[in-house]
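The values are calculated or read from the model by the stated rules, or taken from the named source; none is laboratory data. These numbers were taken from a predicted model, which means no experiment stands behind them. Every residue, glycine among them, receives a Cβ derived from its backbone with ideal geometry; neighbour counts consider all protein chains shown. Heavy atoms of the whole protein, side chains included, go into the accessibility calculation; ligands, DNA and RNA do not. Shrake-Rupley method; radii C 1.70, N 1.55, O 1.52, S 1.80 Å.
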Amino acid sequence: MTAAAPLVRLEHKVAVITGAAQGQGAAEAELFVELGATVVLTDVNESAGREVAQRLGPSATFLTHDVTDSAAWQRVVRETVQQHGRVDVLVNNAGIYRKQPLASWSDADLRRLLEVNLLGPVLGMREVVDAMPDSGGAIVNVASISGMRGHGGALAYASSKWGLRGASRSAAQELAPRHVRVNCVCPGSVDTPMVDLSVLNLSHLPIPRAGTTGEVAAMVAFLASDASSYCTGADFVVDGGATA
Ligand code: NAI
């Protein structure tokens, strides 16, 4: 007999979502709470993060957290375990974007971008695994379609997202014996403060518009839930057909 896959539900799941003060992270936190999860939102933007958590009610709390800081990761994991007993889901969503010619990048700016977008999620995966129950957990890394092809003018960003896809697949293989699934979501252009949609022409896309934060959050929730129990080490594109 084949059991039907369960619908997307997150009851009894404890989730940490980074970069949750605005944009996609805030939408993910909102959907996770709606689906029954207990959510710890983290971000460097303390005031906005606290506001979002407060709006989402008692199932949501906020912790200030720079994803490039391993001591801060340890604190987030420790406090989540103290409060909620474990971490079932980690969403590595925090990221920064910058488009500028390669020659004009300073060492410090290059390092910072790679540290936020690539080192941060790797530190997160390292620190969270021991807080996941023996029955398993799910890690969702938010990459980009810029991590699936070249992105002229955004070399550093594209490098970080290609790297994140490699880290995800490697972690999926390594953590499978611990029943931890690791997947990537690769959004196209999404309507958040990160992008200036007014300078983008999306009319050539099969779905000729920007994605919404809710449309990305739905994919993240699927990968965080038991509905995706046979998915690991994979990329899930949410891009209106941009890479079709
Ligand atoms: P956003 O700029 O609205 O939100 C990013 C959040 O990350 C902000 O709240 C920011 O404070 C936080 N953050 C930045 N540096 C941090 C750090 N060091 N530690 C902790 N938090 C930090 O951007 P958006 O669009 O919501 O981005 C979410 C993710 O989606 C990012 O990883 C981004 O690269 C990715 N993405 C976005 C696309 C888009 O079109 N908006 C397309 C493809 C991928």
Complete set of residues in region 11-29 that are open to solvent by 10 Å² or more (accessible area, probe 1.4 Å) and closer than 16 Å to Leu223 by Cα: Glu11, His12, Lys13, Gln24, Ala27
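State whether one or more residues within region 187-208 are among the β-branched types (Val, Ile, Thr), in contact with a Ser or Thr (Cβ under 7 Å, 6 or more places away or on another chain) and more than 16 Å from Val91 (Cβ to Cβ).
The answer is yes, given that some residue of region 187-208 is among the β-branched types (Val, Ile, Thr), in contact with a Ser or Thr (Cβ under 7 Å, 6 or more places away or on another chain) and more than 16 Å from Val91 (Cβ to Cβ).
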Those residues of region 131-159 which are over 16 Å from Thr18 (Cβ atoms), touching a residue at least 24 places away in the same chain (Cβ under 8 Å) and in a helix (DSSP H, G or I), in sequence order: Ile145, Gly147, Leu155, Ala156, Tyr157, Ser159
Restricting region 39-74 to residues that are over 13 Å from Ala29 (Cβ atoms) and over 19 Å from the mean Cα position of the chain (by Cα), the residue that is farthest from the ligand (Cβ to nearest atom): Pro58
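Would you be able to say whether some residue in region 103-115 is more than 10 Å from the ligand (Cβ to nearest atom) and either among the β-branched types (Val, Ile, Thr) or surrounded by 21 or more Cβ atoms within 10 Å (Cβ to Cβ) (or both)?
Filtering region 103-115 for residues more than 10 Å from the ligand (Cβ to nearest atom) gives 103-111, 114.
Right, trim to either among the β-branched types (Val, Ile, Thr) or surrounded by 21 or more Cβ atoms within 10 Å (Cβ to Cβ) (or both) and you get none.
No, region 103-115 contains no residue that is more than 10 Å from the ligand (Cβ to nearest atom) and either among the β-branched types (Val, Ile, Thr) or surrounded by 21 or more Cβ atoms within 10 Å (Cβ to Cβ) (or both).
Given Leu41, Leu118, Leu56, Leu63, which one is in contact with a Leu (Cβ under 9 Å, 6 or more places away or on another chain), without any contact (Cβ under 8 Å) to a residue 60 or more places away in the chain, of a type outside the set (Val, Ile, Thr) and open to solvent by less than 20 Å² (accessible area, probe 1.4 Å)?
Working: Leu118 fails: open to solvent by less than 20 Å² (accessible area, probe 1.4 Å); Leu56 fails: open to solvent by less than 20 Å² (accessible area, probe 1.4 Å); Leu63 fails: open to solvent by less than 20 Å² (accessible area, probe 1.4 Å).
Only one candidate passes the filter, namely Leu41.
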Candidate set from region 91-102 (those that are away from the ligand (no atom under 11 Å from the Cβ) and in a loop (DSSP other than H, G, I, E, B)); member that is surrounded by the fewest Cβ atoms within 10 Å (Cβ to Cβ): Pro101
Options Gly233, Gly241: the member that is in a loop (DSSP other than H, G, I, E, B) and in contact with a strand residue (DSSP E or B) (Cβ under 7 Å, 6 or more places away or on another chain): Gly233
Subset of region 166-181 (residues that are surrounded by fewer than 20 Cβ atoms within 10 Å (Cβ to Cβ) and either part of a strand (DSSP E or B) or of a type in the set (Lys, Arg) (or both)): Arg169, Arg178
Breaking point among (1) within 22 Å of Gln22 (Cβ to Cβ); (2) touching a residue at least 60 places away in the same chain (Cβ under 8 Å); (3) aliphatic (A, V, I, L, M); (4) not in a loop (DSSP other than H, G, I, E, B), for Val185: (2)
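Going by the conditions given, is Ala138 farther than 23 Å from Ser189 by Cα and surrounded by 22 or more Cβ atoms within 10 Å (Cβ to Cβ)?
Numbers: farther than 23 Å from Ser189 by Cα: yes; surrounded by 22 or more Cβ atoms within 10 Å (Cβ to Cβ): yes.
The answer is yes for Ala138.
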Count of residues meeting criterion [among the hydrophobic types (A, V, I, L, M, F, W, C), within 20 Å of Gly150 (Cα to Cα) and surrounded by fewer than 21 Cβ atoms within 10 Å (Cβ to Cβ)] in region 182-235: 9
Any hit, region 13-21, residues being part of a strand (DSSP E or B), away from the ligand (no atom under 13 Å from the Cβ) and closer than 23 Å to Leu119 by Cβ: yes
